[in-house]
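Encoded as structure tokens, the structure appears first; notes follow it.
The values are calculated or read from the model by the stated rules, or taken from the named source; none is laboratory data. None of these values were measured; they are calculated from a predicted model. Cβ placement follows ideal geometry from the backbone for every residue including glycine, while neighbour counts extend to all protein chains displayed.
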2 protein chains.
Amino acid sequence: MLKGNAIVGQSGGPTAAINATLAGVIKGAFDCEAIDVIYGAHNGVEGMLAGRITNLNEVFKTEEDLKLLASTPAAALGSCRKKLPKMGEDDAVYEKLFDFFKANNIRYFFYIGGNDSMDTVAKVSAYAETHSYEIKVMGVPKTIDNDVVGTDHTPGYGSAAKYIATSMQEILRDCAVYTVKAVTIVEIMGRDAGWLTVAAGLPRIISGIGPDYIYLPERDFDTDKFIEDVKVALEKHPNVVIAVSEGLRGADGKYVGESTQSGATDVFGHKYLSGTGKCLELLVKEKLGCKVRSIELNLLQRCAAHCASKADIDESLMVGAAAVKNAAAGVSGKMMCFDRVSNTPYKVEPTYNDIEKIANQVKEVPDEFINEAGNDVTDACLEYVKPLIAGESEVFWKDGLPRHFAIPYKG
Amino acid sequence: MLKGNAIVGQSGGPTAAINATLAGVIKGAFDCEAIDVIYGAHNGVEGMLAGRITNLNEVFKTEEDLKLLASTPAAALGSCRKKLPKMGEDDAVYEKLFDFFKANNIRYFFYIGGNDSMDTVAKVSAYAETHSYEIKVMGVPKTIDNDVVGTDHTPGYGSAAKYIATSMQEILRDCAVYTVKAVTIVEIMGRDAGWLTVAAGLPRIISGIGPDYIYLPERDFDTDKFIEDVKVALEKHPNVVIAVSEGLRGADGKYVGESTQSGATDVFGHKYLSGTGKCLELLVKEKLGCKVRSIELNLLQRCAAHCASKADIDESLMVGAAAVKNAAAGVSGKMMCFDRVSNTPYKVEPTYNDIEKIANQVKEVPDEFINEAGNDVTDACLEYVKPLIAGESEVFWKDGLPRHFAIPYKG
């Protein structure tokens with residue numbers, strides 16, 4: 001068993017669960033005989049290259065601290081978007097990084113992040129192999145987008161889905177109170193895949209209410225067909241609610257924002273694009289003349305830890321600890337994944353996959369999860385997502401607000 | 001003691017607590033010897049005039065049903081925006097309404113709503129007096145805006161404030177992860193008063209983090225001064241977060257949207273106004289060139305029952321029941337209010353006030369609650385709001401989503 005110290009970093013956009021994965025890695029390291037000290041790198045590899053690290057054994061003294069970290073949104077160690085150069089292109093970066101590893105006897109490298117972070121894992125692993133420095137390198141994915149191949153789902157997705165479904169259900173209640181015809185368009189994150197927007201449909205199979213339509217980027221968006229859909233719904237009941245992905249594109253490949261709002265300028269005369277929801281709001285107003293509004297769920301989708309999924313937080317902790325276990329057992333250069341071994345009862349197990357098989361691919365919502373008309377999701381789709389939002393993660397309230405755990409860099 | 005039946009209606013924009021007040025009225029009626037049956041009017045006075053009512057004694061069979069109703073956002077009986085005519089102008093409306101009362105032996109009238117609803121309460125009460133029909137009429141205010149005079153605060157405000165403070169704290173965590181200079185502008189509801197925006201400051205006194213600036217409609221907004229403020233903050237740290245009221249206006253009285261975006265047109269050539277946050281986003285981009293985004297908290301502020309304040313929900317239940325008690329004791333034509341009898345420990349008592357003293361006035365955030373520079377709130381202000389967000393109201397989760405209670409009209 002390779003003995004030494006470990007380092008962990010976070011990278012890419014924050015989620016409500018990325019700190020749970022961090023807590024899992026830290027707990028795993030504390031429990032691992034091979035690991036002496038686990039350091040946290042502030043702002044990912046940027047922090048490693050700049051020596052901005054913190055000894056996490058000194059920060060986390062109790063189980064409660066780790067629980068608090070697991071319930072804290074965003075990245076407690078900070079994030080970065082740095083992409084390492086191709087090997088051979090600028091080896092100075094790698095030399096600096098490995099000098100840092102050697103100086104601190106870092107033998108375990110854990111990186112929690114998105115696609116770019118997995119790229120970092122693969123490169124660090126490859127460089128280590130060709131330069132005879134023994135280090136075990138493991139990636140743990142995180143993304144609310146759920147668009148990573150090779151895993152049943154991604155840590156972070158369940159909590160985002162729970163927030164979206166909960167908010168959609170509340171919006172549906174709110175919109176139902178008046179008798180005047182009105183259309184409400186809810187814009188949900190997702191440039192390339194509709195997984196988050198799908199979650200807006202969950203109230204249908206759980207509470208018996210749901211939006212009238214759900215439009216995903218997996219289908220070409222047709223504005224005429226959309227207006228026809230809205231008309232049909234308005235004939236049935238006065239309060240029409242629609243979920244749309246921010247990434248909706250027409251058959252010409254242009255985002256809805258580009259095609260419906262090409263003339264929009266601000267007071268400085270600059271062109272700019274409104275969001276998809278805003279554009280469709282203006283379109284409905286123009287074509288149907290009824291009351292219409294748009295709501296962008298925005299950043300809260302990825303950081304609403306007060307409404308996190310217990311399933312998601314528990315799995316994120318679990319997969320973080322599993323990364324350490326696998327590394328200690330000699331696995332390196334891999335990405336941790338989830339294998340759904342059973343649906344009833346729902347059960348997942350941690351596994352890992354080769355990064356090369358995963359990188360630079362987008363897992364879209366499959367055909368069988370989208371209805372024929374392309375304006376809703378199927379029950380099979382919702383049954384896939386449902387267990388991922390199960391349970392409520394513990395929130396540590398104080399004076400009416402959730403407590404969070406911060407890991408400031410003390411220099 | 002006047003004996004007979006009661007009717008209750010909801011009116012105006014929904015909140016996360018208006019159903020708690022309804023539950024309080026229903027519970028109060030069940031416990032009141034004077035009241036035989038309590039009917040619910042669907043869509044307020046519109047429902048009374050159309051005979052769309054439901055016998056609530058038949059709907060609510062258990063304490064749990066009432067608890068579930070209290071945790072349900074929006075208006076379970078539906079809402080309306082109907083304003084009754086001045087007495088003497090169109091008495092047919094009143095005749096119809098009182099025919100309905102007589103036919104159903106309605107002797108108690110409870111109306112939960114905003115300013116227009118209190119106007120309805122005053123008019124129904126006055127008409128009854130001049131037409132010798134004995135009926136006790138009580139109003140219970142609700143508004144997330146907290147801009148009603150004569151009461152320490154309004155039911156619904158605490159839950160909205162809790163959601164805003166919780167979301168702001170999560171946004172602050174999310175924005176802190178990168179080292180690149182960026183400005184995030186959070187737009188919060190409030191056309192005429194800044195009470196909701198104030199709540200964005202709560203994390204400062206509770207968790208030690210907060211937005212850099214808070215701009216309220218109580219102060220003239222100066223875009224040059226604003227840009228100077230942002231510059232100063234960006235020199236201190238990379239992640240600047242700002243809370244703004246949707247109702248910000250310049251010294252000329254024009255909304256920020258009007259003055260910074262007069263040339264904005266959609267693809268149809270129509271002028272339209274973006275929100276205040278979006279306009280300030282474009283302004284910062286133009287003047288400072290840094291990364292900037294805006295977030296509109298939107299409808300969730302008033303319907304996020306999954307994050308409701310226990311203090312608010314408990315008080316809403318209490319004031320609903322107190323309305324019934326007072327009516328049974330002979331009080332009529334009044335609006336229920338909160339009297340804060342103590343701050344440490346926080347304690348409120350229900351009271352009532354004359355509607356004429358309250359109607360058509362807006363309670364603004366007072367001078368001592370706003371800092372001298374007009375770009376932040378004082379600690380005294382935050383201490384006033386803090387007890388209103390205390391505690392977490394019970395949420396009845398099922399399969400990952402909150403359960404709600406619906407009162408459909410069965411005809």
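Total residues in region A:400-410 satisfying the condition of being in contact (Cβ under 8 Å) with a residue 12 or more places away in the chain and surrounded by fewer than 22 Cβ atoms within 10 Å (Cβ to Cβ): the figure is 6.
Please work out which residue is farthest from the other protein chains (Cβ to nearest Cβ), limiting yourself to region A:204-221 and to residues that are assigned to a helix (DSSP H, G or I) and closer than 21 Å to A:ASP367 by Cα. If we take residues in region A:204-221 being assigned to a helix (DSSP H, G or I) and closer than 21 Å to A:ASP367 by Cα, then A:ARG204 is farthest from the other protein chains (Cβ to nearest Cβ). Per the listing A:LEU49, A:LEU2, the residue uniquely farther than 21 Å from A:LYS325 by Cα, aliphatic (A, V, I, L, M) and either without any contact (Cβ under 8 Å) to a residue 24 or more places away in the chain or surrounded by fewer than 24 Cβ atoms within 10 Å (Cβ to Cβ) (or both) is A:LEU49. Residue selection: B:THR184 satisfies the criterion of being touching a residue at least 24 places away in the same chain (Cβ under 8 Å) and more than 18 Å from the chain's Cα centre (by Cα). Selection of first residues in region B:71-86 that are at the interface with another protein chain (Cβ under 7 Å from one of its Cβ atoms) and of second residues that are among the β-branched types (Val, Ile, Thr) and part of a loop (DSSP other than H, G, I, E, B), restricted to Cβ pairs under 6 Å at least 6 apart or on distinct chains, gives the following pairs, ordered by first then second residue: B:ALA74/A:VAL177; B:ALA75/A:VAL177; B:GLY78/A:VAL177; B:SER79/A:VAL177. Only residues that are surrounded by fewer than 21 Cβ atoms within 10 Å (Cβ to Cβ) and within 25 Å of A:SER79 (Cβ to Cβ) were counted across region B:181-205, and they come to 3. Restricting region A:359-386 to residues that are under 19 Å from the mean Cα position of the chain (by Cα), at pLDDT 95 or above and surrounded by 13 or more Cβ atoms within 10 Å (Cβ to Cβ) leaves a set whose member that is farthest from A:VAL241 (Cα to Cα) is A:LYS363. With respect to A:VAL324, determine if the residue is under 17 Å from A:TYR157 (Cα atoms) and not aromatic (Phe, Trp, Tyr). Against the criterion (under 17 Å from A:TYR157 (Cα atoms) and not aromatic (Phe, Trp, Tyr)), A:VAL324 does not qualify. Consider A:GLU356 carefully, then state whether it is charged (D, E, K, R), part of a loop (DSSP other than H, G, I, E, B), surrounded by fewer than 18 Cβ atoms within 10 Å (Cβ to Cβ) and more than 14 Å from chain B (Cβ to nearest Cβ). Yes; evaluated as a whole, the condition is true for this residue. Part of a loop (DSSP other than H, G, I, E, B) and within 14 Å of chain A (Cβ to nearest Cβ): is that true of B:THR154 in this structure? No, not satisfied. Of the residues B:LEU288, B:LEU283, the single one that is more than 8 Å from chain A (Cβ to nearest Cβ), modelled with pLDDT under 95 and more than 30 Å from B:GLY12 (Cα to Cα) is B:LEU283. Filtering region B:106-151 to residues that are in a strand (DSSP E or B) and either of a type in the set (A, V, I, L, M, F, W, C) or out of contact with any Pro (no Cβ under 8 Å at 6 or more places or on another chain) (or both) leaves B:ILE106, B:ARG107, B:TYR108, B:PHE109, B:PHE110, B:TYR111, B:ILE112, B:LYS136, B:VAL137, B:MET138, B:GLY139, B:VAL140. Taking the conditions (1) within 18 Å of B:GLY257 (Cβ to Cβ); (2) within 13 Å of chain A (Cβ to nearest Cβ); (3) surrounded by 16 or more Cβ atoms within 10 Å (Cβ to Cβ); (4) not aliphatic (A, V, I, L, M) in turn, B:THR276 satisfies each one other than (2).
Do the conditions hold for B:THR130, that is, is it among the polar types (S, T, N, Q) and either modelled with pLDDT of 95 or more or in contact with a Phe, Trp or Tyr (Cβ under 8 Å, 6 or more places away or on another chain) (or both)? No, not satisfied. In region A:359-382, the residue that is farthest from the other protein chains (Cβ to nearest Cβ) out of those that are of a type outside the set (Val, Ile, Thr) and outside any loop (DSSP other than H, G, I, E, B) is A:ASP367. A Cβ distance below 6 Å, combined with a sequence gap of six or more or placement on separate chains, defines the contacts here; from region A:383-399, residues that are at the interface with chain B (Cβ under 8 Å from one of its Cβ atoms) and on the phi > 0 side of the Ramachandran plot reach residues that are in a helix (DSSP H, G or I) and among the charged types (D, E, K, R) in the pairs A:GLY391/A:LYS310.
Every condition in (1) within 30 Å of B:THR130 (Cα to Cα); (2) crowded, with 23+ Cβ neighbours inside 10 Å; (3) not charged (D, E, K, R) holds for B:CYS303 except the one numbered (1). Hydrophobic (A, V, I, L, M, F, W, C), within 27 Å of A:ILE7 (Cβ to Cβ) and out of contact with any Lys or Arg (no Cβ under 8 Å at 6 or more places or on another chain): does that describe A:ALA176? Judged against the criteria, A:ALA176 is not a match.
The criterion of being within 14 Å of chain B (Cβ to nearest Cβ), touching a helix residue (DSSP H, G or I) at 6+ places or on another chain (Cβ under 8 Å) and modelled with pLDDT of 95 or more holds for A:GLY201. If I go through region A:157-190 residue by residue, how many of them are more than 10 Å from chain B (Cβ to nearest Cβ) and in a helix (DSSP H, G or I)? Of the residues in that region, 4 qualify.
Of all residues in region B:37-63, those that are in a helix (DSSP H, G or I) and under 25 Å from the mean Cα position of the chain (by Cα) total 6. Among the residues making up region B:191-201, a single one is free of Cβ contacts under 8 Å to residues at least 60 places away in the same chain and assigned to a loop (DSSP other than H, G, I, E, B): B:ARG191.
Screening B:VAL292 on (1) in a helix (DSSP H, G or I); (2) in contact (Cβ under 8 Å) with a residue 40 or more places away in the chain shows it passes everything except condition (1).
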